[in-house]
Amino acid sequence: MIYIQYLEICSKIFVGGLARETSSAQFLEHFGKYGEITDSVIMKDRKTGQPRGFGFVTYAEPSVVDKVIEDTHIINGKQVRISFSLNVEIKRTIPKGAAGSKDFKTRKIFVGGIPSTVSE
């Protein structure tokens, strides 16, 4: 299980600065040139459904990621940023007694999966 999680962490990249009009097909076509993709997603706003300008790609082979990061990527005329993606999980905290309700306010979030090498 730990080995599988390690492979997933080493095989996943963050893609930032995507043009809003970039489609999933264009995203897959561009990054598929480097190797087999096991998962990809362009993140969208939950309320509007509009793209948020970033996404993630997970490759079957971790060795592909080095080549992807070395290259310059231009999609829809816009240069995008590529970096390793760490499986950091961010969730909104829900106050006790507010489960199931959408009428609550909180300023807290839960952040999990941070590597022990991160200091701040």
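We did not get these values from a lab; they are worked out from the coordinates using the rules stated. The structure displayed is predicted, hence computed values, not measured ones. Because the Cβ atoms are built from the backbone with ideal geometry, glycine has one as well, and the counts that use them run over all protein chains shown.
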Point-charge dipole on Cβ atoms (K/R +1, D/E -1) for the stretch 12-84, about Cα centre, debye to 20: 460 debye
For the residue pair Lys67 and Phe14, what label-to-label distance in nm results when each label sits 7 Å from Cα along the Cα-to-beta-carbon direction? 2.5 nm
Dipole of the stretch 12-84, positive end: most advanced residue of Ser23, Ile82, Ile37 [Cβ charges, Cα centre]: Ser23
When the scattering of the stretch 12-84 is computed by the Debye formula from its Cα atoms alone, each counted once and equally, what is log10 I(q)/I(0) at q = 0.15, 0.18, 0.25 Å⁻¹? -0.44, -0.63, -1.19
Would you calculate the separation in nanometres between label points at Gln50 and Ala25, each defined as 7 Å from the Cα along the Cα-to-beta-carbon direction? 2.3 nm
